[in-house]
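All remarks here apply to the structure that follows.
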Amino acid sequence: MHPISIERVEAHIVELPTLRPHRLAMHTIETQTTVILRIRCSDGIDGLGEAATIGGLSYAGESPESIKTNIDCYFAPLLIGQNPYNLNALMQRLDSLIKGNTFARSAVESALLDAQGKRLGLSVAEVLGGPVQSCLEVAWVLASGDTGRDIQEAEQMLEARRHRQFKVKLGAREPTLDIQHAVAIKQALGSRASVRVDINQSWSEAVCIRACTQLADAGVELIEQPLPRHLHQALARLNRRSPIPLMADEAIESVADSFMLASEAAAPVFSLKIAKTGGPCAVLRAAAIARAAGIDLYGGTMLESSIGTLASAHAFTTLPELKWGTELFGPLLLVEDVVLQRPEYRDFKLWLPSGPGLGVEIDEHQLTRLRRH
Ligand code: MUC
Ligand code: MG
């Protein structure tokens, strides 16, 4: 028996309302459903992790319910009784017996890193080798669905020095209306802000041929996942003719996918998400592949609350460069949270807390109140 062992693994589904309806091509979020994971060790240390999905199963192959079930039934029995010190051995044990399920895996890897950091008195970024940035630029996502309201929201963010990079969600309407919407936002904000768009796989290559040029002419800087995720060759073709870069998001569902996309030269920018690749260590493996292939990086989100956002942030601060910044704005969109102190956002950036591990503690009252019973 090891001197320290994992004693309990608790996965809680929580419901967190959003500031306003967040309209994406495939779903409108009014309440974000996320899984909060707590791994309890025999030395009294708890590790926290999180896995959120967008619109149940509408974004990828895992739902909050499947994440909880698979953690309870498959991950937990492989973790309980094991030594939490050796993260590599533990993750290898899971990988040998569990395929896929990167969202659930990400929550587990985050919680093990948090526990390790708390045990050693180091931040998760330090456990990962050390941060090279103390803060991260954070974009705001304009997704009210209304052009006037999106412009007003962006103006407020600029005024408050909260955000100067904006991602506009497209794909729910006719492409012509979508393009008018994004162009109007860019025209209103001008050179005061960087505007990018996310199509969430809703356009065809034929639509994109004209749309990329129209968006580029208006000053939009980046187009995220315009095509269905599996169309790598079409994405590569489109990239060759688009005046502005295309970014792969849903196309990357694992570290292996990032290798495949890089080898196919399918996109010059990758959106990194801990959930898509299987945790903070795994996302850095995807980042290393991208960097070796000369691909620019962006720090993406699955709209996690503070725990998952900080797990991503700690990993991202260890990267020498995130050329396109991040969109770690989940805790700002969600009205409620389950931690005692939420992360600090100021001067267009997210500032990492200084405490050990992720730097956050659970608010037990909030967890009980917001948990799905
Ligand atoms: C996505 O596709 O990038 C991230 C921000 C947001 O509003 O939606 C997500 C998912
Ligand atoms: Mg996206």
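Estimate the FRET efficiency between residue 42 and residue 15 by the formula 1/(1 + (r/R0)^6), using the beta-carbon distance for r and 22 Å for R0, to the nearest 0.05.
Details: r = 31 Å, r/R0 = 1.43.
Step by step, r from the Cβ atoms, then E = 0.10.
Exceeding 31 Å between C-alpha atoms, which entries from my cross-link table qualify? They are 68/323; 186/273; 276/323; 99/349. If you can, show how the numbers build up before the last one.
On the way: 68/323 34 Å; 186/273 26 Å; 276/323 20 Å; 99/349 36 Å.
From the list (68/323; 186/273; 276/323; 99/349), the Cα-Cα distance tops 31 Å for 68/323; 99/349.
With no solvent and one point per C-alpha, what does the Debye sum give as log10 I(q)/I(0) for the chain at q = 0.10 Å⁻¹?
Results for the chain at q = 0.10 Å⁻¹ read -0.58.
Could you compute how much accessible surface residue 291 exposes when probed at 1.4 Å, giving the result in Å² to the nearest 10?
130 Å²
Helix 280-292 versus the longest principal axis of the chain: what is the Cα-based angle in degrees, 0 to 90, to the nearest 10?
With both axes taken from Cα atoms, the answer is about 40 degrees.
So what is the calculated 222 nm ellipticity per residue for the chain, using -39500 (n - 2.57) for each DSSP H run with n of 4 or more, over all residues, to the nearest 500 deg cm²/dmol? Present the calculation step by step, with values, prior to reporting the outcome.
Numbers: 15 runs with 145 residues, N = 373.
Calculated at 222 nm, the ellipticity per residue is -11500 deg cm²/dmol.
Over the chain, what is the percentage of antiparallel beta bridges among all DSSP beta bridges, to the nearest 5?
Values: 29 of 51 bridges.
Given both bridge residues lie in the chain, the antiparallel proportion sits at roughly 55 percent.
Relative to the first principal axis of the alpha-carbon coordinates of the chain, what is the inclination of helix 232-241, with its axis defined by its Cα atoms, in degrees from 0 to 90 and to the nearest 10?
It works out to around 40 degrees.
Express in % the proportion of alpha carbon pairs of region 21-88 at distances exceeding 19 Å.
Details: 1026 of 2278 pairs.
For region 21-88, the share of Cα pairs beyond 19 Å comes to 45 percent.
How high is the FRET efficiency from residue 86 to residue 254, r the C-beta distance, R0 35 Å, rounded to 0.05?
Numbers: r = 23 Å, r/R0 = 0.66.
The computed FRET efficiency comes out at 0.90.
At 1.4 Å probe radius, can you tell me the per residue accessible area of region 1-146 in Å²? Numbers along the way, then the final one.
Details: 5480 Å² over 146 residues.
Here the per-residue accessible area is 38 Å².
Counting only Cα, what are the radius of gyration and maximum Cα-Cα distance Dmax of region 137-190, in Å?
10.8, 33
With a 1.4 Å probe and all protein chains kept in place, how do 208, 281 rank by accessible area, largest first?
Ranked list, largest accessible area first: 281, 208.
Within the set of other residues whose C-beta is less than 9 Å from the C-beta of residue 362, count the net charge using Lys and Arg as +1 and Asp and Glu as -1.
Values: positive: 38; negative: 46, 361, 363, 364.
Neighbour charge sum, excluding residue 362 itself: -3.
Which of 243, 326, 297 sits farthest toward the positive end of the charge dipole of the chain, with +1 on the Cβ of Lys and Arg and -1 on the Cβ of Asp and Glu?
Sorting the options by dipole projection puts first 243.
Whole angstrom only: what separates the Cα centroid of region 9-36 from the Cα centroid of region 162-179?
Rounded to whole Å, the Cα centres lie 20 Å apart.
Return the Cα extents of region 205-249 along principal axes one, two and three, sorted largest first, each rounded to a whole Å.
Principal axes ranked by extent give 28, 19, 15 Å for the Cα atoms.
Can you tell me the length gained on complete extension of the stretch residue 321 to residue 341, counting 0.36 nm per residue apart and subtracting the Cα distance?
On the way: separation 20, 0.36 × 20 = 7.20 nm, distance 2.74 nm.
Contour length minus Cα-Cα distance gives 4.5 nm.
Using C-alpha positions alone, give me the convex hull volume of region 61-193 per residue in cubic angstrom.
That works out to 165 Å³ per residue.
Write down the Kirkwood hydrodynamic radius of region 63-137, to one decimal in angstroms, obtained as one divided by the mean of 1/r over all alpha carbon pairs. Show your work: numbers first, answer last.
Details: mean 1/r = 0.0741 Å⁻¹.
Roughly 13.5 Å, rounded to one decimal.
Using only alpha-carbon positions, what ratio does the radius of gyration of region 294-339 give when scaled by 2.2 N^0.38 Å?
Details: Rg = 11.4 Å, N = 46, 2.2 N^0.38 = 9.4 Å.
That ratio works out to 1.21.
What trypsin sites (Lys or Arg not before Pro) does region 78-153 have in DSSP loop regions with at most 12 other beta carbons within 10 Å? Could you put the intermediate results ahead of the total?
Numbers: sites: 93, 99, 105, 118, 119, 149; in loops: 99.
Here the sparse-neighbourhood loop sites are 99.
So for region 1-52, considering every pair of alpha-carbon atoms, how many percent are separated by more than 12 Å? Let's see the in-between values first.
Values: 925 of 1326 pairs.
In whole percent, the share of Cα-Cα pairs in region 1-52 beyond 12 Å is 70.
Using the beta-carbon distance between residue 156 and residue 263 and R0 = 41 Å, what value does 1/(1 + (r/R0)^6) give for FRET efficiency, to the nearest 0.05?
Details: r = 43 Å, r/R0 = 1.04.
Step by step, r from the Cβ atoms, then E = 0.45.
Over the Cα atoms of region 237-279, each weighted equally, I'd like the Debye log10 I(q)/I(0) at q = 0.20, 0.29, 0.32 Å⁻¹, rounded to two decimals.
-0.58, -1.02, -1.15
The values are calculated or read from the model by the stated rules, or taken from the named source; none is laboratory data. This structure is a prediction, so every number in the text was calculated from the model and none was measured. Cβ coordinates were reconstructed from backbone atoms using ideal geometry, including for glycine residues, and neighbour counts include every protein chain displayed. Remember, those area values only see protein heavy atoms, side chains included, never the ligands or the DNA or RNA. Shrake-Rupley method; radii C 1.70, N 1.55, O 1.52, S 1.80 Å.
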